[in-house]
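The values are calculated or read from the model by the stated rules, or taken from the named source; none is laboratory data. For clarity, every value in this text was computed on a predicted model and none was experimentally measured. A quick note on method: Cβ atoms are made from the backbone with ideal geometry, for glycine too, and the neighbour counts reach across all protein chains shown.
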Amino acid sequence: MITAMKYTCSFLFVMIFILSCAGTHGFIQRYKFNTSKADLEQAIKSVLKNNTTFLQEDQIAKANNESGYMTIFIKSEGDKYGFRIRYYGDEQHWETSSTSEIFIASARINGIGGKDSDEAMTEELKAKLLKVFQERFVNLVVQTLQSESTIK
């Protein structure tokens, strides 16, 4: 009886640990949108297409289709910012949900930065990266979504 309880407790501990780690991705920041993933994806494509003077998608990463990640570069005040972003969820979530999210997996300014857990990612650097991402990308995506919703 005691052996069975030890086995059950050990099994539950291992399962809780595995489930707490499964499917999680570290992220620097997450952005939620009240629109489907398909509409969000179209808005992002539109923003990238119509703002080439300071926005650029990494074509090498795009060609390799790196597990749903997208890398974009933003030029701002003489600096080059790089953001590795991903849509939240899986295919089933994307097809059925009326909301969507993107998250920043890693970010750099002139090659400095990385993931949220990296030593180089100071709070000051993170704030600067997020400010540029918000102002030069997210705000444009939101504007595009709003203008497209008035057209529909």
Does region 122-142 include one or more residues that are in contact with a helix residue (DSSP H, G or I) (Cβ under 8 Å, 6 or more places away or on another chain), buried (at least 19 other Cβ atoms within 10 Å of the Cβ) and without any contact (Cβ under 8 Å) to a residue 40 or more places away in the chain? no
Out of everything in region 21-42 that is closer than 27 Å to Gly113 by Cα and part of a helix (DSSP H, G or I), what residue ends up being modelled with the lowest pLDDT? Cys21
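If you go through region 81-111 one residue at a time, how many are loosely packed, with under 14 Cβ neighbours inside 10 Å and either under 17 Å from the mean Cα position of the chain (by Cα) or under 26 Å from Thr52 (Cα atoms) (or both)?
4
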Between a residue in region 83-111 that is within 16 Å of Met70 (Cβ to Cβ) and any residue that is surrounded by fewer than 16 Cβ atoms within 10 Å (Cβ to Cβ) and of a type in the set (S, T, N, Q), which pairs come within a Cβ distance under 7 Å, given they are 6 or more apart or on different chains? Gly89/Ser97
Considering (1) at pLDDT 90 or above; (2) farther than 21 Å from Lys49 by Cα, say which one Lys115 fails and leave the rest. (1)
